[in-house]
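The values are calculated or read from the model by the stated rules, or taken from the named source; none is laboratory data. Remember, it's a predicted structure, so these values are computed and weren't measured experimentally. Every residue, glycine as well, gets a Cβ built from its backbone with ideal geometry; the counts of neighbours run over all protein chains shown.
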């Protein structure tokens with residue numbers, strides 16, 4: 001393998017780390033950015049651009065962050081290997097169209113998602129956790145800017161618009177599902193429940209005038225639960241600790257949480273690592289549909305040398321030791337209680353921070369991940 005094209009459709013931050021790692025393996029790497037199609041399955045303009053670019057050189061493979069049916073189709077017609085590595089979960093795919101193309105190598109960072117597609121009969125899916133590419137920091141910090149911080153989206157959802165059109169029974173039906181789900185970490189049952197209750201989903205679609213699939217309604221509900229989780233968490237934290245949120249404009253939430261410091265977005269490579277290092281406790285409340293995977297943000301925090309307080313996921317618990325490498329919580333109240341303890345106990349927090357950083361840099365490097373990809377593609 002000599003030459004690859006990194007096709008940047010979705011503008012993910014990790015592209016630079018991935019490209020650098022391919023180059024370290026001795027490959028010639030070409031990067032090209034394209035517009036993100038509104039229809040991820042069909043876009044004649046994008047397909048023509050890709051056909052022209054992919055055929056202009058003898059690329060050994062085309063690479064994208066997240067799977068693209070359009071890229072897969074073009075690669076299939078040109079007989080070029082196509083490698084994708086997921087960054088988001090669940091995968092935002094309305095069908096399995098093109099996924100079984102023989103030129104595909106689909107690497108999935110969420111073991112639960114990987115097993116789902118594997119059990120559907122796909123032989124070209126592979127489990128590959130995410131990685132970190134930040135320089136480790138060994139010195140002990142004593143000049144913190146914040147006691148608690150969170151960098152990320154609050155996930156505004158379409159769910160309130162759906163709820164407006166429902167009768168009281170179906171409002172209560174969906175609210176009951178979400179109330180039960182919010183009590184549970186390490187499992188996500190909403191999608192399976194909606195798939196089993198076809199008559200309820202049909203009634204919801206009739207009332208709203210939408211044509212929602214179980215996956216689409218599940219995603220909307222997961223986004224809304226994530227929003228409620230994160231606002232609740234930040235509200236309680238900011239009432240007790242010096243707390244910062246780095247995100248986009250959220251004027252309504254500023255009014256709701258007057259004690260919260262809201263900061264504008266910062267640069268992923270030059271500013272984010274320092275922000276994590278200068279917060280005593282860095283929060284990672286996972287997206288509600290993420291029950292298995294290790295989120296990129298968790299690795300970013302530990303890889304930068306920050307202390308991680310995260311909602312429980314199966315893979316965080318499997319790869320890292322709770323209370324030694326990181327700290328996991330299983331409710332909003334548990335998170336607040338643990339933040340109170342670790343903001344006050346500097347030595348304990350410092351030991352966990354260093355252990356998490358060391359393990360992340362030993363076991364979650366881009367070099368190792370890219371080596372695994374190349375090894376599988378060439379085998």
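In the range 206-305, which strands (runs of 3 or more DSSP E) lie fully inside it and hold 2 or more residues that are in the same structural domain as residue 339 (by TED's automatic domain parsing) and surrounded by 17 or more Cβ atoms within 10 Å (Cβ to Cβ)?
Result: 243-246, 279-284.
Of these, 83, 74, which one is modelled with pLDDT of 95 or more and within 22 Å of residue 14 (Cβ to Cβ)?
83
Sort out which residues of the range 1-11 are outside any loop (DSSP other than H, G, I, E, B) and touching a helix residue (DSSP H, G or I) at 6+ places or on another chain (Cβ under 9 Å), and write them in order of number.
Within the range 1-11, 4, 5, 6, 7, 8 qualify.
Could you please find all residues in the range 347-379 being farther than 15 Å from residue 129 by Cβ and without any contact (Cβ under 8 Å) to a residue 40 or more places away in the chain?
Selection gives 347, 348, 351, 355, 375, 379.
For the structure I just gave you, tell me whether residue 49 is in the same structural domain as residue 21 (by TED's automatic domain parsing), farther than 25 Å from residue 131 by Cα, without any contact (Cβ under 8 Å) to a residue 60 or more places away in the chain and in a loop (DSSP other than H, G, I, E, B).
In short, no.
Considering (1) exposed (fewer than 14 other Cβ atoms within 10 Å of the Cβ); (2) assigned to a loop (DSSP other than H, G, I, E, B); (3) modelled with pLDDT of 95 or more, say which one residue 38 fails and leave the rest.
For residue 38, the failing item is (3).
Hey, which of the strands (runs of 3 or more DSSP E) in the range 65-151, taking only ones fully inside, have at least 2 residues that are in the same structural domain as residue 273 (by TED's automatic domain parsing) and closer than 30 Å to residue 53 by Cα?
By residue number, no strands (runs of 3 or more DSSP E) qualify.
I need the full set of residues from the range 74-89 which are more than 28 Å from residue 223 (Cβ to Cβ) and crowded, with 20+ Cβ neighbours inside 10 Å, in order please.
74, 75, 82, 83
Taking the range 152-181, which residues are at pLDDT below 95 and either farther than 14 Å from residue 208 by Cβ or outside the structural domain of residue 223 (by TED's automatic domain parsing) (or both)?
Passing the criteria: 152, 153, 154, 155, 156, 157.
Can you pull out the residues in the range 12-24 that are outside any helix (DSSP H, G or I) and either loosely packed, with under 15 Cβ neighbours inside 10 Å or free of Cβ contacts under 8 Å to residues at least 40 places away in the same chain (or both)?
Hit for the range 12-24 is 13, nothing else.
Out of the residues in the range 90-112 meeting the condition of being crowded, with 19+ Cβ neighbours inside 10 Å and out of contact with any strand residue (DSSP E or B) (no Cβ under 8 Å at 6 or more places or on another chain), tell me which one is farthest from residue 10 (Cα to Cα).
Once the filter is applied, the top-ranked residue is 112.
Tell me the residue from 317, 331, 304 that is more than 13 Å from the chain's Cα centre (by Cα) and within 13 Å of residue 184 (Cβ to Cβ), please.
Only one candidate qualifies: 331.
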